[in-house]
Each structure stands twice: as C-alpha cells, then as structure tokens.
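K.L.:
Attaching a single structure in structure tokens format; questions to follow.
The values are calculated or read from the model by the stated rules, or taken from the named source; none is laboratory data. Please read all numbers here as calculations on a predicted model, not as lab measurements. Neighbour counts run over all protein chains shown; Cβ positions are idealised from the backbone, glycine included. In case anyone asks, the SASA skips ligands and DNA or RNA and just uses the protein heavy atoms, side chains included. Shrake-Rupley method; radii C 1.70, N 1.55, O 1.52, S 1.80 Å.
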Amino acid sequence: TKTISKCYVQVTGMTCASCVANIERNLRREDGIHSILVALMAGKAEVRYNPAVIHPSAIAELIRELGFGATVMENCGEGDGILELVVRGMTCASCVHKIESTLMKTNGVLYCSVALATNKAHIKYDPEIIGPRDIIQVIKDLGFATSLVKKDRSASHLDHKQEIRQWKRSFVVSLVFCIPVMGLMIYMMVMDSQLADAHAHHNMSSEEMETLHSSMALEYQLLPGLSVMNFLSFLLCVPVQIFGGWHFYIQAYKALKHKTANMDVLIVLATSIAFVYSFVILLVAMAEKAKVNPVTFFDTPPMLFVFISLGRWLEHVAKGKTSEALARLISLQATEATIVTLGPDNVLLSEEQVDVELVQRGDIVKVIPGGKFPVDGRVIEGHSMVDESLITGEAMPVTKKPGNTVIAGSINQNGSLLISATHVGADTTLSQIVKLVEEAQTSKAPIQQFADKLSGYFVPSIVAVSVVTLFAWIIIGFVDFEIVEKYFLGYNKSISAAEVIIRFAFQASITVLCIACPCSLGLA
C-alpha cells in the first residue's frame with residue numbers, strides 16, 4: 001500500500017473559479033499527486049500526495065510555475081474538523097469514559113472530551129476519514145441521544161445597536177449642556193473685548209474698569225466669589241460629567257486596572273481635573289469672598305465629551321453598516337441539505353434531510369429547482385442554470401453541467417442537480433467571506449494600533465509634562481516673583497505671595513493637561 005500524506009499550500013493570485021480549475025487540472029496530471037482541492041476564498045490548496053515520489057515544496061513549485069504565488073503551510077492542523085455535540089442520557093463518569101474511549105478508538109477521531117456537567121462533547125476529527133454523521137452514529141449506537149450544538153446564525157455578536165444607542169445618548173446629553181456653556185463663553189469673550197476697547201479709548205482707572213466689569217450681568221456675584229457665569233457653568237457641567245462621561249470612566253477604570261493607559265484615561269484625567277480644579281477654585285474664592293471672579297475651566301469637559309462621543313457614535317454607526325451586510329450574508333446560507341445514497345449507475349436508493357452542519361466531504365447532495373446549494377461542490381449529474389449573483393454580482397444565471405463547481409448559497413433555477421460535496425462547514429466560500437469580513441472588523445488598522453501604542457506613552461508623558469510645569473513655575477515664582485505677577489492677572493493683593501505662586505503654578509499645569517487631552521491623535 002502506498003502511504004498518502006496531506007499538505008496545505010497557501011496560494012495567492014487566484015481571481016476566479018477558472019484559476020482554481022486550472023491549478024486542479026494541471027496538478028492532477030503530476031506523478032505522486034493523489035488529489036487536490038483548492039478553496040478560492042481561503043486561498044488554500046489541500047493536496048494529498050505520495051511522499052516517496054514528491055515533496056510539498058515541489059508541489060508549491062508546480063503551482064508557482066502556473067503563475068500563482070504558493071507557499072507550503074506548516075501548521076497542517078487547519079484541516080481538522082471540530083464538532084460540538086450535546087449528549088443526553090449520561091448519568092455518571094463511566095458513561096463519559098465509555099463515550100470517550102469508544103470515540104478515541106474510532107479511526108479518524110483525533111481528540112475527544114466529554115463534560116458530564118454541561119452534557120457537551122467536543123470532538124476533533126479528520127474530515128478525510130470520518131464525518132460528523134458517523135461520529136453521531138457511534139454515540140447513538142452506545143445508547144445516548146445526541147444532537148448538534150445549535151449555532152447562532154444571526155451574527156448577534158456583530159450587532160452594534162446597543163453601542164450606537166449608548167454613544168448617541170451620551171453625545172446628545174453632552175451637546176444639550178455644551179451649547180449654553182459655549183454661548184456663555186462667547187458672550188464673555190465679546191464683552192471682554194468691548195471692555196478692552198473702552199479701556200483703551202477712555203483711559204479709565206482700574207477701579208472704574210472693575211465696576212464696569214462687575215456691572216456685567218454674568219459677572220454679578222450671587223455670593224461673594226461666586227459669579228453667575230461660574231455658577232451656571234458649574235450647573236451645566238455636572239450632568240455632562242456624570243451622564244456624558246459615564247462610559248469613559250468605566251473604560252478608564254478597566255484600563256488602569258490592567259496597568260495600561262489609553263485614550264479614555266486621558267479624557268477622564270483631563271475632564272476630571274478641569275472639573276475638580278474649577279470646583280475647588282470656586283470654593284476657595286467663596287471662602288475668601290474674593291472680589292475678582294476666578295478663572296475656571298468648566299467649559300472644557302462638556303466640549304471634550306461632545307467631540308469624543310460624536311466620534312465614537314459615528315464609528316459604531318459605520319461598524320454597524322458592515323455588520324448589517326454580514327448578517328445578510330450569513331442569512332444566505334442554507335440550513336438543511338438533502339443527502340442521497342446512490343446505487344450502481346447513479347440510481348437513487350434513499351434520501352434524507354439533514355442539518356447542513358452534518359454534511360460531510362464526499363456526500364452526494366441533491367438540490368431541487370429553486371433550492372439553495374448547502375455546500376460547495378462539483379456537479380455529478382443533471383443540467384441546470386444557477387444564480388450565483390451573491391458571490392459574483394452577475395445577474396445572468398450560469399449553466400451548470402457535470403464537472404462544474406457550484407458555490408454554497410447560490411440558487412438552483414430550473415433543473416435538479418446531484419452534487420458531490422467538496423467544501424463543507426467552515427470551508428465553504430460563503431463561510432470564508434463571512435470570516436474575512438469578521439476578521440476585518442475585529443482587527444485594527446495598522447495606523448490605529450500605532451495610535452493606541454502611542455497613546456500608551458502619550459498619557460504618562462503628558463502627565464509628566466504637567467507636573468514639570470507645576471514645579472517649574474513654583475521655582476520660578478520663588479526665585480523671581482515679578483514674572484508670576486506679570487502673567488497672573490487680577491490676583492487678590494491680600495493673599496500671600498507663596499499662595500499666589502502655587503495657585504498660578506497649578507493653573508499652568510492644569511492648562512497643560514486640559515489642552516493636551518483632546519489632542520488631535522485622540523480625536524482622530
């Protein structure tokens with residue numbers, strides 16, 4: 001007997017079914033090659049060969065000569081089929097042992113583990129030798145009822161509806177409170193510039209300037225040190241900090257727990273510090289009954305949250321669109337298949353309806369007019385027109401006669417066909433497309449990975465810079481107080497120089513944090 005080995009070759013550069021046919025046709029002629037099966041979407045060829053005559057590297061070379069890229073895949077475990085079953089009727093550990101030992105003795109089963117508590121069996125097998133139906137039959141013969149674990153076909157894990165709702169809500173909340181804060185800010189700016197003009201033209205004394213300043217409605221102090229402007233900003237800021245920032249806080253907490261720093265940590269850091277700092281400054285001003293209203297940063301958090309939640313919301317909407325397309329793709333798969341047994345001269349002996357996951361390679365499947373092809377296969381008997389538009393986009397039906405390949409999910413039109421299954425389960429073209437789209441969704445773009453890596457260094461470095469700023473200003477202040485005096489306008493003459501310096505240093509360092517946080521990197 002000849003020993004037959006199996007190898008997998010990664011093939012690149014295939015564009016359509018004729019490339020597949022070309023490779024299969026040419027390689028079958030070669031000595032030592034027993035059979036070859038090429039999957040277009042997976043870009044993979046499975047070759048059974050006689051190692052005494054030919055080597056995998058030579059096979060790859062043959063494919064290269066046909067004008068395709070080919071490399072031998074080292075990990076050949078990919079050809080293993082995996083089966084998840086629910087087994088009913090097990091009562092004790094000996095039942096488990098009975099099932100496991102019987103299955104392991106069965107030719108073609110590579111691995112098997114049965115859990116009594118969950119009634120589940122996990123089986124790895126070689127699809128060349130044995131298939132899911134045979135395995136189920138073995139367990140049934142032992143006297144246990146068994147069925148497939150029902151796969152969730154709805155692709156619910158790709159559903160972004162909840163996230164879309166969550167970010168939309170967070171965006172709307174932030175926006176509602178952000179607009180008035182923005183309005184107040186702009187109003188203050190306009191008034192300030194008018195005051196500056198008035199000051200320039202009329203050479204007012206600074207006392208008159210102050211009276212004019214306080215006469216502005218927004219600067220009116222409700223309590224000593226608490227102006228209407230700051231009070232309103234505070235009121236508007238609280239709900240945003242709580243409702244708008246809720247998800248950010250959760251994410252940031254999780255990231256810090258794992259000792260990493262991501263975008264969320266930065267956002268939370270800057271908004272919380274801006275908020276807390278402003279709040280504390282207000283309390284201090286009220287305690288001191290300050291005449292000049294302190295500079296607060298209540299406008300930072302709402303604006304930040306607005307931009308970032310808008311970004312997240314749009315991102316999830318885009319992802320949701322892709323997922324919708326995927327869900328439609330998944331819904332194209334047939335759920336059942338009619339398997340037939342052929343006698344001599346292709347006489348139909350019997351047929352049975354089975355779940356599509358139970359179709360094995362080499363099974364003869366009958367597809368009636370108007371039916372979907374449950375698996376990829378080759379036509380054995382019958383002539384028909386097939387609508388393959390789900391893969392090719394071509395609306396015209398394609399003629400199929402014995403020897404032609406058919407694609408799972410495409411629709412048979414007028415004649416009944418018998419096909420031999422070549423790719424089943426996760427190997428069908430449709431499953432491969434779904435897998436590719438899923439991978440594209442879950443994997444990050446290289447630039448995004450780069451950005452994440454950067455923000456890992458970015459967060460600590462920004463925090464470091466702001467701490468440096470804090471100390472630098474404290475030192476400068478104690479060495480040369482006049483510099484601080486020049487930049488720190490409107491400070492209360494009644495407080496000590498040391499306090500002025502520390503306050504100014506804090507203000508500078510917090511400004512660094514607040515400005516660096518919504519850095520373009522994060523927003524983008």
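K.L.:
Determine which single condition GLU100 fails, assuming it passes every other condition in (1) of a type in the set (D, E, K, R); (2) open to solvent by less than 60 Å² (accessible area, probe 1.4 Å); (3) in a loop (DSSP other than H, G, I, E, B).
P.N.:
Checking GLU100 against (1) of a type in the set (D, E, K, R); (2) open to solvent by less than 60 Å² (accessible area, probe 1.4 Å); (3) in a loop (DSSP other than H, G, I, E, B), the one that fails is (3).
K.L.:
If I go through the range 1-25 residue by residue, how many of them are in a helix (DSSP H, G or I) and either open to solvent by less than 40 Å² (accessible area, probe 1.4 Å) or among the aromatic types (Phe, Trp, Tyr) (or both)?
P.N.:
Count: 4.
K.L.:
I've got another one for you. Among the residues of the range 59-69 satisfying the criterion of being in contact with a strand residue (DSSP E or B) (Cβ under 9 Å, 6 or more places away or on another chain) and not in a loop (DSSP other than H, G, I, E, B), which is most open to solvent (accessible area, probe 1.4 Å)?
P.N.:
Checking each candidate, the answer is ARG64.
K.L.:
Of the residues that sit in the range 290-319 and are within 15 Å of THR511 (Cβ to Cβ) and outside any helix (DSSP H, G or I), which one is least open to solvent (accessible area, probe 1.4 Å)?
P.N.:
Out of the qualifying residues, it is PHE298.
K.L.:
Determine, yes or no, whether ILE54 is of a type in the set (Val, Ile, Thr) and touching a Gly at 6+ places or on another chain (Cβ under 9 Å).
P.N.:
Criteria met by ILE54.
K.L.:
Something else: Which of the residues spanning the range 27-57 are part of a helix (DSSP H, G or I) and open to solvent by less than 40 Å² (accessible area, probe 1.4 Å)? Give the derivation first.
P.N.:
Within the range 27-57, the subset part of a helix (DSSP H, G or I) is 27-28, 56-57.
LEU27, PRO56 - these are the residues of the range 27-57 that are part of a helix (DSSP H, G or I) and open to solvent by less than 40 Å² (accessible area, probe 1.4 Å).
K.L.:
So which helices (runs of 4 or more DSSP H) stay within the range 399-488 end to end and still have 2 or more residues that are at pLDDT 80 or above?
P.N.:
429-442, 446-479
K.L.:
Consider ALA287 against the criteria (1) surrounded by fewer than 18 Cβ atoms within 10 Å (Cβ to Cβ); (2) part of a loop (DSSP other than H, G, I, E, B); (3) of a type in the set (Gly, Ala, Ser): it satisfies all of them except one. Which criterion is unmet?
P.N.:
Just one mismatch for ALA287, condition (2).
K.L.:
Does ASP141 fit the bill of being surrounded by 15 or more Cβ atoms within 10 Å (Cβ to Cβ) and among the acidic types (Asp, Glu)?
P.N.:
Judged against the criteria, ASP141 is not a match.
K.L.:
Residue under question is THR322, and the condition is that it be part of a helix (DSSP H, G or I), among the hydroxyl-bearing types (Ser, Thr, Tyr) and open to solvent by 50 Å² or more (accessible area, probe 1.4 Å); does it hold?
P.N.:
In short, yes.
K.L.:
What pairs come up if the first residue lies in the range 385-411 and is at positive phi, the second is outside any loop (DSSP other than H, G, I, E, B), and their beta carbons are under 8 Å apart, counting only those six or more places apart or on different chains?
P.N.:
GLY403/ARG378; GLY403/VAL379; GLY409/LYS372; GLY409/LEU390; GLY409/ILE391; GLY409/THR429; GLY409/LEU430
K.L.:
What residue, of ARG312, ARG361, is in contact with a strand residue (DSSP E or B) (Cβ under 7 Å, 6 or more places away or on another chain) and basic (Lys, Arg)?
P.N.:
Working: ARG312 fails: in contact with a strand residue (DSSP E or B) (Cβ under 7 Å, 6 or more places away or on another chain).
Exactly one of ARG312, ARG361 is in contact with a strand residue (DSSP E or B) (Cβ under 7 Å, 6 or more places away or on another chain) and basic (Lys, Arg), namely ARG361.
K.L.:
List pairs: first residue in the range 221-239 and of a type in the set (Phe, Trp, Tyr), second residue modelled with pLDDT of 75 or more and outside any strand (DSSP E or B) anywhere in the structure, Cβ distance under 8 angstrom, at least six positions apart or on different chains.
P.N.:
Partner pairs satisfying both residue conditions: PHE234/SER278; PHE234/PHE279; PHE234/LEU282; PHE234/PHE298.
K.L.:
Within the bounds of the range 70-89, is there any residue that is part of a loop (DSSP other than H, G, I, E, B), open to solvent by 20 Å² or more (accessible area, probe 1.4 Å), touching a residue at least 40 places away in the same chain (Cβ under 8 Å) and of a type in the set (A, V, I, L, M, F, W, C)?
P.N.:
no
K.L.:
Of the residues that sit in the range 221-267 and are touching a helix residue (DSSP H, G or I) at 6+ places or on another chain (Cβ under 7 Å), among the hydroxyl-bearing types (Ser, Thr, Tyr) and not in a loop (DSSP other than H, G, I, E, B), which one is most open to solvent (accessible area, probe 1.4 Å)?
P.N.:
If we take residues in the range 221-267 being touching a helix residue (DSSP H, G or I) at 6+ places or on another chain (Cβ under 7 Å), among the hydroxyl-bearing types (Ser, Thr, Tyr) and not in a loop (DSSP other than H, G, I, E, B), then TYR249 is most open to solvent (accessible area, probe 1.4 Å).
K.L.:
While we're looking at this one, here's another question. Please give the number of the condition ARG328 fails out of (1) surrounded by fewer than 15 Cβ atoms within 10 Å (Cβ to Cβ); (2) touching a residue at least 12 places away in the same chain (Cβ under 8 Å).
P.N.:
ARG328 satisfies all of (1) surrounded by fewer than 15 Cβ atoms within 10 Å (Cβ to Cβ); (2) touching a residue at least 12 places away in the same chain (Cβ under 8 Å) except (2).
K.L.:
All but one of (1) more than 15 Å from VAL424 (Cβ to Cβ); (2) open to solvent by less than 50 Å² (accessible area, probe 1.4 Å); (3) in contact (Cβ under 8 Å) with a residue 12 or more places away in the chain hold for ILE380, so report the exception by its number.
P.N.:
(2)
K.L.:
How many residues does the range 342-377 hold that are among the aliphatic types (A, V, I, L, M), crowded, with 16+ Cβ neighbours inside 10 Å and assigned to a loop (DSSP other than H, G, I, E, B)?
P.N.:
Here the count works out to 2.
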